[in-house]
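The values are calculated or read from the model by the stated rules, or taken from the named source; none is laboratory data. Computed from a prediction, not measured in an experiment: that's the story for all the values here. Using ideal geometry, Cβ is built from the backbone for each residue, glycine included, and neighbour counts are taken over all protein chains shown.
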Amino acid sequence: MKMMSGAAMVVEALKDVGVTHVFGYPGGAVLDIYDALFAQDDVKHVLVRHEQAAAHMADGYARSTGKTGTVLVTSGPGATNTLTGIATAYMDSIPMVVLSGQVPSNLIGEDAFQETDMVGCSRPVVKHSFLVKRAEDIPDAIAKAYYIANTGRPGPVVVDLPKDIVNVMEEHPYVFPTDVSMRSYNPTVRGHMKQVKKAVASLKQAERPVLYVGGGAITAEASGLVTQLAELLKAPVTCTLMGLGAFPGTHEQFVGMLGMHGTLEANKTMHNSDCILALGARFDDRVTNNVEKFCPHADIIHVDIDPASISKTVNAHIPVVGSVETVLEQILNLLTPEELPEQQAKLADWWEQITQWRSRKCLNFEQGESVIKPQKVIESLYKHTNGEAYVSSDVGQHQMFAALYYPYDKPRRWINSGGLGTMGFGLPAAMGVQFAHPDATSVVVTGDGSIQMNIQELSTCLQYNLPIKIISLNNRALGMVRQWQDMIYKGRHSHSYMDSMPDFVKLAEAYGHVGIKVDSLSELDAAMEKCFSITDRLVFMDIAVDQNEHVYPMQIKYGAMDDMRLSKTERT
Amino acid sequence: MKRIISVLMENAPGALSRIVGVFSQRGYNVDSLCVAPTEDPSLSRLTIITHGDNKVIEQITKQVNKLVDVLKVIDLSENAHIEREMMLIKVATRNEAIRAEVKRNADIFRANILDVSLNNYTMEVTGTTDKLDAFATTMAQCTEIIESSRTGVCGLARGERALRP
């Protein structure tokens, strides 16, 4: 049995879990742990410039790999700075473990220097948390934290470590648990067979079926099975913002993203469907629009690993609790191939209808002579990356353009803050992606508002030589806010305009990177070409785009799913 | 509609705050809450009285069940069950007539007098929430209530049904 200090145990337990990267920032309460990190090379530490970014990096790492991201911060402000990052991961069910330092046990509750009740502060936005009280409990707490974070519906877990228990002066026996089991935590993975049979019967009867695929399909690594089922049934497929890539974006059965800024054909398909198979999606308000008017003709089959997601906003006719992967296997086992041709023949009218909706070409936009349309930038990005980049996004108009105009053919390529909508997420997330995939192209699509929320990480990018490509759609305004102000507040642009924008090219250069300014359409393709020809350095593309462009289509408030504005003047 | 949610959970630090947190975060009501360790000291049993329609109650049970510390959750009010609450109540007994009246009513409600002093009686009464309400109303009619403290409801299912790990 190995004897070691609490601090050494933390690092040893991370190794035993298989952690490759820790994103963090040192401080008083975690200096012992940092000293233990110094003594080894197995776990790489990434020094960030702000703890919020550490959480987003761990998040980007997790989203692009499926592995749990790890954060290490000190007590007090170090811990509270991670909260936005933790909440972001929580809303999107991303596996993350945050190790936070805490003041020594005997000072807890005394308002000691850099003391915060981190377990309390984070409680509403974590899946679970631990306040470790004895050094001997460290391996067990860390093993449980990783187990909880990445099983069932994944989510962030906080492990709060008081300074006295990680003290290097005392040694304790180190035993890493070989198996974690908890009597109070046993997520259901396999769907109830009776429910699965009902689901299959409903799918077979359907004349207007649709697969509505969410982030749960990506979490469950089920995209292959989603494609298999969709092709067997010949059913149209729509993905949520979180589900993009779970089904190939260029597949002929893909009708696009659904929801507030979904395509006309996706929302029409949903609204007119008689059988919706929801796979790891949660009927979010940004999808359903007015729930009272939601898909009136459909039998809803809802497959989700979290029972609390089922019938939360929209009542499911056939609830199936289980992992998307396992339940899809169960469904596929019950589908008899001989019945399928007859089944597929029934769908001819349905596809004819969908083709008609598609012919409206709702994503068309008018690109003029010189002012660049933001959509055009994303199309150009797609072309220059062959559709194979990892695209991390910030939050706003550019996020919607990147979701709609860059078809994702593979899961885990589209990285965005869907649930919480965290501006400042994109750059650090792309850094996490780049650490996980050093040879891949990691792109950030951002805007002049979002990029300034974590721009300090340009410094971290230089330290670790991350050749990220930043595509900043600069419209000199907070675009999405401005769009709503145009639409709802009669064009009163209250505080959505920034007339003191920095020179982003100089800023990138000041941080030691390459900056490229693009002002007119004629320069766009050449600049993109140049950007992606530089493979060993970070490139910041500051692209001036049309300030007055809106994201369309857009659902009309209080309406049904398919009540949409199609442009500034047209609606359904 | 009033519901009795019974929860079996780990008797661990922070477990209670997580459950209470679910109620405040998601805007559910807590009318009363009663919690203590069970015969197995590693487990706690918690009873929450809440109200809401079926959809709200379904969400409450699911969200509470989702907590990592929680082993089992049931809605006791869905089936036959027993519920009890205890109240300690201190009332003024300033003269002989009041003392007699308080004693008479205490006997009717099967309340026990636990403490007697020159000017007041302190009693214990156990029963359903309605019975305790009725006793308090009766006491208020015959004298002045000085203070009272109630435990909140605890309950068990009747018959074979049980909440076990």
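What the table below lists for this structure:
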| item | result |
| --- | --- |
| Out of A:D164, A:D117, A:D160, sole residue that is closer than 25 Å to A:T74 by Cβ, within 14 Å of another protein chain (Cβ to nearest Cβ), of a type in the set (D, E) and surrounded by 17 or more Cβ atoms within 10 Å (Cβ to Cβ) | A:D160 |
| Qualifying position, being among the polar types (S, T, N, Q) and closer than 13 Å to B:I19 by Cβ, among B:N65, B:N54, B:N79 | B:N65 |
| Boolean, A:L107 is farther than 13 Å from A:V10 by Cα and in the same structural domain as A:V17 (by TED's automatic domain parsing) | yes |
| Options A:V391, A:V445; residue that is within 19 Å of A:H550 (Cα to Cα) and not in a helix (DSSP H, G or I) | A:V445 |
| Those residues of the range A:276-333 which are among the basic types (K, R) and either at positive phi or in contact with a Leu (Cβ under 9 Å, 6 or more places away or on another chain) (or both), in sequence order | A:R286 |
| Residue under evaluation B:V91, criteria (1) part of a strand (DSSP E or B); (2) within 14 Å of another protein chain (Cβ to nearest Cβ), criterion not met | (2) |
| Breaking point among (1) within 14 Å of chain A (Cβ to nearest Cβ); (2) surrounded by fewer than 17 Cβ atoms within 10 Å (Cβ to Cβ); (3) within 20 Å of the chain's Cα centre (by Cα), for B:S42 | (3) |
| Where a residue in the range A:140-167 is touching a residue at least 24 places away in the same chain (Cβ under 8 Å) and assigned by TED's automatic domain parsing to the domain that holds A:P104 and its partner, wherever it lies, is among the aromatic types (F, W, Y) and assigned to a helix (DSSP H, G or I), with Cβ under 7 Å and at least six apart | A:G155/A:Y90; A:P156/A:Y90 |
| Enumeration of residues in the range B:1-31 that are touching a Ser or Thr at 6+ places or on another chain (Cβ under 8 Å) and outside any loop (DSSP other than H, G, I, E, B) | B:K2, B:R3, B:I4, B:I5, B:S6, B:V7, B:L8, B:M9, B:E10, B:A15, B:L16, B:F23 |
| Residues of the range A:407-444 that turn out to be more than 13 Å from A:K469 (Cβ to Cβ) and touching a residue at least 24 places away in the same chain (Cβ under 8 Å), as a count | 25 |
| Subset of the range B:2-35 that is in contact (Cβ under 8 Å) with a residue 40 or more places away in the chain and more than 14 Å from chain A (Cβ to nearest Cβ) - its residue that is surrounded by the fewest Cβ atoms within 10 Å (Cβ to Cβ) | B:K2 |
| Candidate set from the range A:495-519 (those that are modelled with pLDDT of 95 or more and either of a type in the set (S, T, Y) or over 21 Å from A:R476 (Cβ atoms) (or both)); member that is surrounded by the most Cβ atoms within 10 Å (Cβ to Cβ) | A:H513 |
| The range A:58-67, residues that are more than 16 Å from A:A440 (Cα to Cα) and assigned to a helix (DSSP H, G or I) | A:A58, A:D59 |
| Residues that are of a type in the set (A, V, I, L, M, F, W, C) and not in a loop (DSSP other than H, G, I, E, B), drawn from the range A:355-388 | A:W357, A:I372, A:V377, A:I378, A:L381 |
| Subset of the range A:299-316 [without any contact (Cβ under 8 Å) to a residue 40 or more places away in the chain and more than 14 Å from every other protein chain (Cβ to nearest Cβ)] | A:I300 |
| Of residues in the range A:317-350 being closer than 24 Å to A:T263 by Cα and crowded, with 17+ Cβ neighbours inside 10 Å, the one modelled with the highest pLDDT | A:W350 |
| Pair list, Cβ < 9 Å and 6+ apart or interchain, from the range B:144-165 residues that are within 14 Å of another protein chain (Cβ to nearest Cβ) to residues that are among the small types (G, A, S) | B:L163/B:S6; B:L163/B:A157; B:P165/A:S184 |
| The listed residue being of a type in the set (D, E), without any contact (Cβ under 8 Å) to a residue 12 or more places away in the chain and over 30 Å from B:E144 (Cα atoms), out of B:E96, B:E58 | B:E58 |
| Every residue from the range A:529-566 that is outside any loop (DSSP other than H, G, I, E, B), of a type in the set (A, V, I, L, M) and more than 25 Å from the chain's Cα centre (by Cα) | A:A544, A:V545, A:M564 |
| Residue in the range A:341-354 that is assigned to a helix (DSSP H, G or I), of a type in the set (A, V, I, L, M) and within 14 Å of chain B (Cβ to nearest Cβ) present | no |
| Qualifying residue in the range A:226-233 (condition: within 29 Å of A:W351 (Cα to Cα), of a type in the set (D, E, K, R), part of a helix (DSSP H, G or I) and in the same structural domain as A:E252 (by TED's automatic domain parsing)) | yes |
| Tally, over the range A:167-212, of residues that are closer than 18 Å to A:L328 by Cα and within 14 Å of chain B (Cβ to nearest Cβ) | 2 |
| Close pairs (8 angstrom Cβ cut-off, 6 or more residues apart or separate chains): under 15 Å from A:D160 (Cα atoms) and touching a residue at least 12 places away in the same chain (Cβ under 8 Å) in the range A:106-118, charged (D, E, K, R) and surrounded by 11 or more Cβ atoms within 10 Å (Cβ to Cβ) anywhere | A:N106/A:D164; A:I108/A:E115; A:M118/A:D160 |
| Filter result for B:R110 (on the phi > 0 side of the Ramachandran plot, away from chain A (no Cβ under 14 Å) and out of contact with any strand residue (DSSP E or B) (no Cβ under 7 Å at 6 or more places or on another chain)) | yes |
